[in-house]
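Peer 1: Input: one structure, supplied below.
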Amino acid sequence: MKLVGIVGTNAAKSTNRTLLRYMKKHFVDQAEIEICEINALPFFNKPDSHQPPAEIAQISKKIVAADGVIISTPEYDHSIPAALANLLEWFAYTTKPLQDKPVMITGASYGVLGTSRAQNHLRQMLNAPELKGLVMPGREYLLGHSLQAFDQDQNLIDKQKATELDQYFHDFCDFVLRNK
């Protein structure tokens with residue numbers, strides 16, 4: 001199974017990036033996860049041509065070729081970061097690579113809630129007709145206190161959260177296969 005993991009921030013230091021790196025390494029026997037960064041994308045400007053910039057086209061091609069997508073988002077002001085909203089606006093207006101594509105949402109935050117509000121907002125956005133991502137229902141992965149969640153080798157040290165992620169990922173792989 002081939003998956004694309006989107007780091008939902010342009011921050012240089014992000015525990016969402018660490019979470020995706022952990023998932024790539026931890027689930028290597030179940031899936032190939034290619035991590036995509038969004039830190040160098042142009043701002044969405046609604047071009048008359050409806051053509052994406054090269055950076056957006058490149059990420060879109062990877063998503064179209066993948067079986068599913070994992071988006072790991074931080075939470076800023078009860079929502080997703082502007083950089084992630086920017087990517088989704090480009091997708092909606094130009095390439096639409098998430099149309100009917102299985103999507104898993106995860107989030108890591110320094111605080112207690114683990115991005116619960118951002119994940120709810122992201123689910124709403126992915127349900128827009130122009131995006132139409134196929135978000136796995138009834139599941140969420142919230143990693144709070146993320147600065148203390150990983151060891152020096154970027155392994156999750158909280159056994160309960162690791163087990164929870166294992167189950168969610170297993171269920172997501174089943175969801176992807178059912179929606180191929």
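Peer 1: Summing +1 for each Lys or Arg and -1 for each Asp or Glu, what net charge is found among the other residues whose Cβ lies under 9 Å from the Cβ of residue 96?
Peer 2: Cβ neighbours under 9 Å give a net charge of 0.
Peer 1: Relative to the Cα centre, what is the charge dipole magnitude of the chain, using +1 at the beta carbon of each Lys and Arg, -1 at the beta carbon of each Asp and Glu, and rounding to the nearest 20 debye?
Peer 2: So the dipole magnitude of the chain works out to roughly 200 debye.
Peer 1: Then there is this: Select from 142, 121, 68 the residue farthest towards the positive end of the dipole of the chain; place +1 on Cβ of Lys and Arg, -1 on Cβ of Asp and Glu, and compute about the Cα centre.
Peer 2: Working it through, the farthest residue towards the positive pole turns out to be 68.
Peer 1: Calculate, in nm to one decimal, what residue 25 and residue 57 gain on full extension: separation in residues at 0.36 nm each, minus their alpha carbon distance.
Peer 2: Result: 8.9 nm gained on full extension.
Peer 1: Of the listed peptides 157-170, 78-91, what is their order by residue-averaged count of other C-beta atoms within 10 Å, with the highest listed first?
Peer 2: Listed from highest to lowest mean packing, they are 78-91, 157-170.
Peer 1: Using a basic spin-label model with each label point 7 Å from the Cα along Cα→Cβ, how many nm lie between residue 158 and residue 128?
Peer 2: Going by the 7 Å Cα→Cβ label model, 3.1 nm.
Peer 1: Mind ranking 123, 21 by accessible surface for me, highest first, 1.4 Å probe?
Peer 2: Ranking 123, 21 by accessible area, largest first, yields 21, 123.
Peer 1: With every protein chain left in place, what is the accessible area per residue of the chain in square angstrom, probe 1.4 Å?
Peer 2: 49
Peer 1: Further question: What fraction, in whole percent, of alpha-carbon pairs in the stretch 1-75 exceed 19 Å separation?
Peer 2: Tail of P(r) above 19 Å: 41 percent of Cα pairs.
Peer 1: Tell me, what % of the accessible area of the chain is carbon and sulfur with a 1.4 angstrom probe?
Peer 2: With neighbouring chains kept in place, the figure for the chain is 50 percent.
Peer 1: Right, another one. Return the Rg/Rh value of the stretch 41-87, two decimal places, where both radii are evaluated on C-alpha atoms and Rh is the Kirkwood radius.
Peer 2: Result: Rg/Rh = 1.01.
Peer 1: Tell me the relative contact order for the stretch 1-159 as a rounded percent, counting alpha carbon contacts under 8 Å between residues six or more apart.
Peer 2: Answer for the stretch 1-159 is 25 percent.
Peer 1: Can I ask one more? Can you compute 3J(HN,Hα) from phi for each residue in the stretch 97-113, using the Karplus curve 6.51 cos²θ - 1.76 cosθ + 1.60 with θ = phi - 60°, rounded to whole Hz and x for Gly and Pro?
Peer 2: In residue order, the calculated couplings are x, 8, 4, 6, 8, x, 10, 10, 10, 10, x, 10, 9, 6, x, 7, 6 Hz.
Peer 1: Once you've got the GNM for the chain with C-alpha springs shorter than 10 Å, pick whichever of 28, 103, 69 has the biggest mean-square fluctuation.
Peer 2: 28
Peer 1: For residue 151 and residue 180, what is the calculated FRET efficiency with R₀ set at 25 Å and r taken between the beta-carbons, to the nearest 0.05?
Peer 2: The formula returns an efficiency of 0.10 here.
Peer 1: At 1.4 Å probe size, with no ligands or nucleic acids counted, give the accessible surface of residue 93 in Å², nearest ten.
Peer 2: Result for residue 93: roughly 50 Å² accessible.
Peer 1: If N is the number of residues in the chain, what value comes out of its Cα radius of gyration divided by 2.2 N^0.38 Å?
Peer 2: So the Cα radius of gyration is 0.97 times the expected 2.2 N^0.38 Å.
Peer 1: What length, rounded to one decimal in nm, is gained on full extension from residue 166 through to residue 45, with 0.36 nm per residue of separation minus their alpha-carbon distance?
Peer 2: 39.7 nm
Peer 1: Once you order the gyration tensor axes a ≥ b ≥ c over the Cα atoms, which shape class does the stretch 66-106 get: rounded for a/c under 1.5, otherwise prolate or oblate by comparing a/b with b/c?
Peer 2: Because a/c hits 1.5 or more and a/b fails to exceed b/c, the stretch 66-106 counts as oblate.
Peer 1: Also, quick follow-up: Which value, to two decimals, describes the C-alpha radius of gyration of the stretch 89-180 once divided by 2.2 N^0.38 Å?
Peer 2: That works out to 1.20 for the stretch 89-180.
The values are calculated or read from the model by the stated rules, or taken from the named source; none is laboratory data. Predicted model only: the values in this text are computed from it and were never measured. Glycine also receives a Cβ, built like all others from the backbone with ideal geometry; neighbour counts cover every protein chain displayed. These accessible areas exclude ligands, DNA and RNA; they are computed on the full protein's heavy atoms, side chains included. Shrake-Rupley method; radii C 1.70, N 1.55, O 1.52, S 1.80 Å.
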